[in-house]
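The values are calculated or read from the model by the stated rules, or taken from the named source; none is laboratory data. Keep in mind that what you see is a predicted model, and the values were worked out from it rather than measured. FYI the Cβ positions are ideal-geometry reconstructions off the backbone, even for glycines, and counts take in every protein chain you see. Remember, those area values only see protein heavy atoms, side chains included, never the ligands or the DNA or RNA. Shrake-Rupley method; radii C 1.70, N 1.55, O 1.52, S 1.80 Å.
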Number of protein chains: 2
Amino acid sequence: MSYRGILIDLDGVLYQGGAAIPGACEAIAYLTKKKIPFRCISNTTRKCRQTICSQLSAMGFGIPPGDIFTPPCAAVTFMKGSGKDRFYLLTTGDVDRDFIGAGTNDSKKADVVIIGDAGDDASYANLNNAFRLLMDGAELIALEKDRYWKAPDGLSLSAGPFVSALEYATGKTAIVMGKPSKTFFELALTDLHLHPGDVAMIGDDLFTDVGGAQAAGMAGILVRTGKFREDTLRRSTIVPDAVIDSIADMYEIV
Amino acid sequence: MSYRGILIDLDGVLYQGGAAIPGACEAIAYLTKKKIPFRCISNTTRKCRQTICSQLSAMGFGIPPGDIFTPPCAAVTFMKGSGKDRFYLLTTGDVDRDFIGAGTNDSKKADVVIIGDAGDDASYANLNNAFRLLMDGAELIALEKDRYWKAPDGLSLSAGPFVSALEYATGKTAIVMGKPSKTFFELALTDLHLHPGDVAMIGDDLFTDVGGAQAAGMAGILVRTGKFREDTLRRSTIVPDAVIDSIADMYEIV
């Protein structure tokens, strides 16, 4: 065992097309049995970790919610670390559930404005409210800074444009969560109580997962499942610490 | 008469605190009598030119709406010049009246997206609609790119943040109207049917009015009314083509 802890990407590493990748459930069971701490780390900002946990459970994974780490979880970790517990949340779906216990969601007095994909809640009134809190000294956390996504009825604005709007209005720079943000990886390490040199990140994205983890001082391990392309690997200047066929071969390197 | 046409700033040049500056009405009457073409040029984006005209009339000015040139008028001039006549308008107040006759305001099919301060109409649904039109090839015109303004109930987001959001989402760069935009001055000249070398701009803002006009190839004349500060003039590298006490002394230089 060369690493004291593992970060594991979800889509393309543990599952693909709604089904577990062969051997993935066993790999997670192995880590659990051996008491090797890990976090399943994903850029998802539209589901709370409990929902992700239920979906993983339906695919056969035994992963408790506390072992799932997403941008909302990172925002909570950030608040805990900085002693801030009054926040204003602009998100959609059930993401607000991740903030239960993190403090008070207060639209009138907040130290932190947290913005994710908020859909119709990204109204003028709500954005203006966020703007005034920021002008009064609150920090801006972006759960993601994506430009847009493909909704069933067509391309739709993601959180990025609204983050950009608030940055332009206030002159502040958002702390952006999600891979490959170094801050995000560091908060995952804080959650794991481990130092970067002791941790490996396993992912299928050479840039976001492997490159991002290496830039944060961790080992980056690439799997040949999910979005892996041999060609992309050959052409890139990013050299993974290891390349394995799938998470089922994790035993070779951990 | 050294200039064939004149651009005149409104607030601080023709009036101040809701009343005409002494001699200003006479100066306008002189230009009209001498058939010297002029445009009253303002960055106002919350009132149509007819409303501005009525307000000027109440102060004693005889200025027809066609001699008032604001960012919405510039957008109309831009559309005419580029042969585009389907637009999607995100504005507030009665600004939409300036677009009557300019083509069709169509939220589903537009060549130009025009965004000003839209207040509550800057909703997710409307911004997403603008975004989709831009992704389908429409051009983006910003009537202004201000960060915020002081509303009666507190600081409030202006058009700039939403322009910035759409620029971030689409990768496009907005054509920004309003002084000191060179494009804006050029459209005013198009409206006057005159070349920059034949025109002088009279304003109280050394940077926006004088510097902006000079950068567009016109003469820049500074008045000592409105926001004029002797100190600002002394410290700046911008040298006006002339400095006059007020618009009442316009006869000295035109």
* Quick one: count up the residues across the range A:110-127 that are more than 14 Å from chain B (Cβ to nearest Cβ) and not in a strand (DSSP E or B). => 2
* Structure fact -> For strands (runs of 3 or more DSSP E) lying entirely in the range B:139-211, having 1 or more residues that are over 16 Å from B:I8 (Cα atoms) and within 14 Å of chain A (Cβ to nearest Cβ) picks out B:139-142, B:148-151, B:154-157
* Within the range B:213-254, track down each residue that is within 20 Å of B:Q16 (Cα to Cα), assigned to a strand (DSSP E or B) and open to solvent by less than 20 Å² (accessible area, probe 1.4 Å). => B:I221, B:L222, B:V223, B:I244
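Determine, yes or no, whether B:R132 is within 13 Å of chain A (Cβ to nearest Cβ) and either touching a strand residue (DSSP E or B) at 6+ places or on another chain (Cβ under 8 Å) or open to solvent by 10 Å² or more (accessible area, probe 1.4 Å) (or both). Even if it seems obvious, please write down each step before you answer.
Details: within 13 Å of chain A (Cβ to nearest Cβ): yes; either touching a strand residue (DSSP E or B) at 6+ places or on another chain (Cβ under 8 Å) or open to solvent by 10 Å² or more (accessible area, probe 1.4 Å) (or both): yes.
Taking the combined requirement at face value, the residue satisfies it.
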* Out of all the residues in the range B:70-85, which are in contact with a strand residue (DSSP E or B) (Cβ under 7 Å, 6 or more places away or on another chain) and buried (at least 20 other Cβ atoms within 10 Å of the Cβ)? -> B:A75, B:F78, B:M79
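Please tell me if B:A102 is crowded, with 16+ Cβ neighbours inside 10 Å, within 14 Å of another protein chain (Cβ to nearest Cβ) and over 25 Å from B:G17 (Cβ atoms). First the steps, then the outcome.
On the way: crowded, with 16+ Cβ neighbours inside 10 Å: yes; within 14 Å of another protein chain (Cβ to nearest Cβ): no; over 25 Å from B:G17 (Cβ atoms): yes.
The answer is no for B:A102.
So which of B:G203, B:G211, B:G171 ends up being in contact with a helix residue (DSSP H, G or I) (Cβ under 7 Å, 6 or more places away or on another chain) and of a type outside the set (F, W, Y)?
Numbers: B:G211 fails: in contact with a helix residue (DSSP H, G or I) (Cβ under 7 Å, 6 or more places away or on another chain); B:G171 fails: in contact with a helix residue (DSSP H, G or I) (Cβ under 7 Å, 6 or more places away or on another chain).
After ruling out the rest, the residue left standing is B:G203.
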* Asked: If you go through the range B:21-30 one residue at a time, do you hit one that is within 20 Å of the chain's Cα centre (by Cα) and either open to solvent by 70 Å² or more (accessible area, probe 1.4 Å) or in contact (Cβ under 8 Å) with a residue 40 or more places away in the chain (or both)?
  -> yes
* Among the candidates B:A242, B:A200, single out the residue that is without any contact (Cβ under 8 Å) to a residue 60 or more places away in the chain and under 24 Å from B:E186 (Cα atoms). => B:A242
